[in-house]
Amino acid sequence: MVKLLEVIKKNFKILIRSKSSALIILFGPLLLILLVGTAFNTSAFYDIKVGSYSPNYNELSDSILKKLQQDQYKISKTKSEESCINGVKTGAYHLCIIIPENLTISQEADNTIQVYADQSRMNLVFAIRSAIIDKVGEKSKELSESLTSIVVGQLEETKASLEEKQGVVKILKDSNEQFTSGLVDVETQVTNLDFGDDNILGQFKNKTAELKLQTNDTRTLTEIDDIIKVLEEKIANMQLASDAIANTIPSLKEKAIAESSQLVDLERTSSKIISNVEAIKVRDVETLVSPIKTSMHAVTAEKTHVNYLFPTLIMMVVMFVSLLLSSITVIREKISRAYFRNYISPTKAVLFIAATYLTNILIVVLQLAIVFAVMLFIQPELSSTLLNIGTAVLLITSSFILLGMIVGYIFNSEETSTMGAISLGTILMFFSNTIVPLETLPVSIQKIVDFNMFVASDTILRNIIIFESGLKESLPEIYILLVHIAAFIVIIATIYNVSSKMFNIKRYFHK
Amino acid sequence: MPAQIEVKNISKSFGKHEVLKDINLEIPAKKIFGIIGPSGCGKTTLLKTMIGFWEPDSGEVKYETRNLKEHSNYIRQIVGFATQENCVYPKLTVRENLEYFGTLSNVPRSTLKSNIDKVIRFVRLEDSSDELAENLSGGMQRRLDIACSLIHKPRILILDEPTEDLDPLLRKDVLALIKRINYDDTTVVMTSHLLHEAEQLCDMIAILHNGRLLKCGTPEELRKSFSKEDEIHLITLKRKYSDLIKKIKSKDVKKIENAGNRLIIRTSDSEGTLSKILSAIKSSDDKIVQIDVRKPSLTEIFESLVKKSGEAPRGH
């Protein structure tokens, strides 16, 4: 134990007394986190330049641009479509929006707004493009709502009118029915009219003939005959009229019936229209324009960029500091003249390995303690996850330190070892979500990348810091790290002596 | 007396490069044992194999009858080792280096401080004890390196080229230090390519050439085994030697060389030749300025042995 402490003490003294190492390794990461923390402590995008081109701007296109300007996007109107697109290529603009000539709301108009983006700046492009499309979508929705409200209004008005006129149709239908039944009565009565001789006129004629036999009052009889003649004439006319009525009534009745059925049809149609209009359950304009709404809900409270970046940022710092620090510590010890004296001392190799590991972990943990202390000041709610964070950091740091130690044992100079550590870190970071989403990789590679220490570590920290979950939720990733740690310990134990001997053999031949 | 260190049939190769070939050495206790040879002859490899840093391809090393491989911890406890490269941490002070290596060598905390003070005094670094090692001069760094080797009071001190890269004054300093270490009954095994240095300092010398042990013994034994002749170096006032050469010629005088201002006479009877020289000078009007009787130097012995071996030194 005394020996272990002595070696750790020695390592610290050497690191601190080497000014460049102390500055770069000890204070560099803290400075980096401070700078990144300050720079990204916002949830907005600043200084996003958007180029726009339209052969002819109008009120609608200007209103879209105005909406973007309200969100701190810097809009520059270009003279041509080409210059707008070239602006994206040269980096003058982050996006280019091509608005069609006379953007209007009509069936004939082409209202496609084209958005050009530099795909090489993937993360930024995704963020801004979706923001721009949202903004244009907002304007489009406004217009849709306006158009739909007219259609819905007309529909409501039509329904109201139909409902109003349905009473009239009913009255007409009733009148028609009464008219038809009246016609039937008239027809019956007309049909029942008897203008024959057997009737009163015949009786009247018979009585007149009897009267002629009884009286010689010719004058009276002549007058009676004239009356009879007039009467006969009138009856004949009535007969004719009755026949005419009898002939007309069926066609009238037919028409009345036909009209009645039309009225019924009209009534039915209007009722159907009304019921159809009523059957339209959704008549709310907003619902009609966007029947399905998507609303993004953050699973955590709204945070600034630095909050989301924090786990990845910590991971990057942990990874690079651990890899570089441990590889440099190992290589410096290995190429140190004093290394030989260590080797020939009655001290086991495992003590030096343990001391190197402990020195590095103490430094990295110390740095992270400062970072987390600052983070706790900003986000006091993180204090509940401190124990989980501490355990995770210890595990993550251990794995990267051991990997860095292997790098140190493999390489034979500080320069190559540093290059090796940086390259390794870059590869691990490249095959993670930090630069390119993992989902863009082929499935076969994704399966391998799942075992990437950086990915596993990042996931653990994200689970704890952003989602405030426990270590249990990250068990698969923890197992991955534990397997790595075990493998690294075996490798270090194997290469520790070989590495030093190989280095000395090389030195022997280059002497 | 049994040898304190036994090196038996040690061979060591790096790839196809055979560095040590069947080396056998017996190093007695409390002596200064020198391993000499030109650069690249395998001296450092031999020492590093002796301490266990390199594992020999064949053979074994024993310390006080204990096998190195089986008792490496014990042996590392009784051996101190100082390389030619100053194995100290430049960013630690003299005291911190000693404290660190003392702790690694299992020096108890209770005695560590007093050990450090003693060693610092011993190597005369009292005024620089709180200086960073990197700020020390070359000679001081070498003394610190030796101090680190002595911090656990080893019975054997192995020094690899202890005077390498030092100026003559510092070299003298270090040689004196080695003598003092040996004076305390510490066995010293040292290598050097400076043959005259080893000749002055060592009780026993092993001559190594291209990984082979050419000869081993005391300097006197080596000289004797090499040659039974002595050299007489003579300088006279007039520095005219033609008459003198004629007068001293005999069957014992093997070779006379007129080296400009001095005459070098190789003879198998140094006493007889010397009396002839003195009487010849006396009878002339010349005077003796300087006269020495010398055995052949280690350098000459080495050169002769190398010639005999028929191998050119590696790297030459």
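The values are calculated or read from the model by the stated rules, or taken from the named source; none is laboratory data. Predicted model only: the values in this text are computed from it and were never measured. Cβ placement follows ideal geometry from the backbone for every residue including glycine, while neighbour counts extend to all protein chains displayed. When the accessible area is computed, the model is the full protein with side chains, heavy atoms only, and any ligands, DNA or RNA have been set aside. Shrake-Rupley method; radii C 1.70, N 1.55, O 1.52, S 1.80 Å.
In this structure, A:I200 and A:E156 have a Cβ-Cβ separation that, at R0 = 56 Å, corresponds to a calculated FRET efficiency of about 0.25. Measuring spread by the Cα atoms of segment A:203-243 yields a radius of gyration and Dmax of 12.3, 39 Å. Scattering from the C-alpha atoms of chain B alone, worked out with Debye: what is log10 I(q)/I(0) at q = 0.06, 0.07, 0.08, 0.11 1/Å? Treating every Cα as an identical point scatterer, log10 I(q)/I(0) equals -0.28, -0.37, -0.47, -0.77.
Using the 1.4 Å probe convention, the accessible area of the protein assembly as shown works out to 53 Å² per residue with neighbouring protein chains retained.
Among beta bridges from DSSP that stay inside the protein assembly as shown, the antiparallel ones total about 60%. Rounded to the nearest 10 square angstrom, B:D127 shows an accessible area of 150 square angstrom against a 1.4 Å probe. Each residue of segment B:270-285 is assigned a 3J(HN,Hα), and the resulting list reads 5, 5, x, 5, 4, 5, 5, 4, 5, 5, 5, 5, 4, 6, 9, 9 Hz, derived from the Karplus form 6.51 cos²θ - 1.76 cosθ + 1.60 (θ = phi - 60°), x at Gly and Pro.
Can you send over the carbon and sulfur percentage of the accessible area for segment A:190-287, probe radius 1.4 Å, protein chains only? Result for segment A:190-287: 55 percent of the exposed heavy-atom area is carbon or sulfur. The largest-to-smallest principal axis extents of the Cα set in segment B:85-125 are 28, 22, 15 Å.
On average, how many beta carbons from a partner chain sit within 10 Å of the beta carbon of a residue in B:73-80?
2
Per residue Cα convex hull volume for segment B:99-231, in cubic angstrom?
Normalising the Cα hull of segment B:99-231 by residue number yields 138 Å³.
Backbone amide hydrogens, once placed in the peptide plane, bring A:I75 within less than 5 Å of A:V50, excluding anything fewer than 5 places away on its chain. Contact order for chain B, expressed relative to its length and based on alpha carbon pairs under 8 Å spaced 6+ residues apart, stands at 20 percent. Would you please state the base-10 log of I(q)/I(0) at q = 0.12 1/Å for segment B:161-215, with intensities from the Debye formula using one equal scatterer on every alpha carbon? Rounded to two decimals, the profile gives -0.29. For B:L92, the residues whose modelled amide H falls within less than 5 Å of its own, excluding neighbours fewer than 5 places apart on the same chain, are B:A133, B:E134. In order along segment B:84-101, the Karplus-derived 3J(HN,Hα) couplings, from 6.51 cos²θ - 1.76 cosθ + 1.60 at θ = phi - 60°, round to 7, 9, 6, 7, 10, 8, x, 8, 10, 6, 4, 5, 5, 4, 5, 5, 5, 6 Hz, and Gly and Pro are given as x.
Working value for segment B:60-137: equivalent-ellipsoid semi-axes of 27, 15, 11 Å, each the square root of 5 times a Cα gyration tensor eigenvalue, largest first. Over 26 Å apart at the Cα level, from the set B:K62/B:K215; B:K48/B:K307; B:K228/B:K282; B:K249/B:K295, are B:K48/B:K307; B:K228/B:K282. In segment B:175-316, the portion of solvent-accessible area held by carbon and sulfur atoms comes to 50 percent [1.4 Å probe, whole percent, DNA, RNA and ligands not counted].
Over segment A:302-380, what portion of Cα pair distances is larger than 17 Å, expressed as a whole percent? Distances greater than 17 Å cover 58 percent of the Cα pairs. Here the spin labels are modelled as points 7 Å beyond Cα on the Cα-Cβ line, and at A:V282 and A:E164 they lie 3.0 nm apart.
Can you bin segment B:1-160 into rounded, prolate or oblate? Criterion: square roots of the alpha carbon gyration tensor eigenvalues sorted a ≥ b ≥ c, rounded for a/c under 1.5, prolate for a/b above b/c, oblate for the rest. Walk me through the intermediate numbers first.
Working: a/c = 2.24, a/b = 1.65, b/c = 1.36.
Prolate shape, in that a/c is at least 1.5 and a/b is the bigger ratio.
Charged neighbours of B:L46, selected by a Cβ distance under 10 Å, balance to +2 (K, R count +1; D, E count -1). Could you give log10 I(q)/I(0) at q = 0.05, 0.07, 0.10 Å⁻¹ for the protein assembly as shown, computed by the Debye formula over C-alpha point scatterers of equal weight, without solvent? Log10 of I(q)/I(0), two decimals: -0.57, -0.81, -1.14.
Close amide H pairs (under 5 Å, H built 1.01 Å from N) link B:T83 with B:D160, residues at least 5 positions away or on another chain.
Estimated translational diffusion coefficient (Stokes-Einstein, Kirkwood radius over Cα pairs, 37 °C, 0.692 mPa s) of segment B:18-88: 246 µm² per second. Once the gyration tensor of the Cα atoms in segment A:214-287 is diagonalised, the equivalent ellipsoid follows with semi-axes of 68, 10, 6 Å, ordered largest first. Neighbours of A:S260, meaning other residues whose beta-carbon lies under 14 angstrom from its beta-carbon, give a summed charge of -1 when Lys and Arg score +1 and Asp and Glu score -1. Given segment A:133-275, what whole percent of its Cα pairs are spread farther than 27 Å? Every Cα pair in segment A:133-275 considered, those over 27 Å come to 60 percent. In order along segment A:216-225, phi translates into HN-Hα couplings of 10, 6, 5, 4, 5, 5, 5, 4, 5, 4 Hz, rounded to whole numbers, per the Karplus curve 6.51 cos²θ - 1.76 cosθ + 1.60 with θ = phi - 60° and x for Gly and Pro.
Packing order of peptides B:110-123, B:195-208, highest average first: B:195-208, B:110-123 (average count of other Cβ atoms within 10 Å over each peptide's residues).
Descending by average beta-carbon neighbour count within 10 Å, the peptides B:256-268, A:343-355, B:143-155 line up as B:143-155, A:343-355, B:256-268, the highest first.
Across peptide B:48-55, the average count of Cβ atoms from other chains found within 10 Å of a residue's Cβ is 3. Averaging Cα coordinates gives a centre for segment B:156-233 and one for segment B:90-132; these two points are 28 Å apart. Summary of packing: across the peptides A:472-480, A:390-398, the per-residue average of other C-beta atoms within 10 Å ranks them, highest first, as A:390-398, A:472-480. Secondary-structure-derived ellipticity at 222 nm for the protein assembly as shown, considering helices only, amounts to -20000 deg cm²/dmol, per-run term -39500 (n - 2.57) for DSSP H runs with n ≥ 4.
Quick check: convex hull over the Cα atoms of segment B:163-316, volume per residue in Å³, rounded to an integer?
Normalising the Cα hull of segment B:163-316 by residue number yields 163 Å³.
Buried surface for the A/B pair, taken as the accessible area of each chain alone minus that of the pair with a 1.4 Å probe, is close to 3200 Å² in total. With a 10 Å cut-off around each Cβ of B:256-269, the average count of Cβ atoms from other chains is 0.
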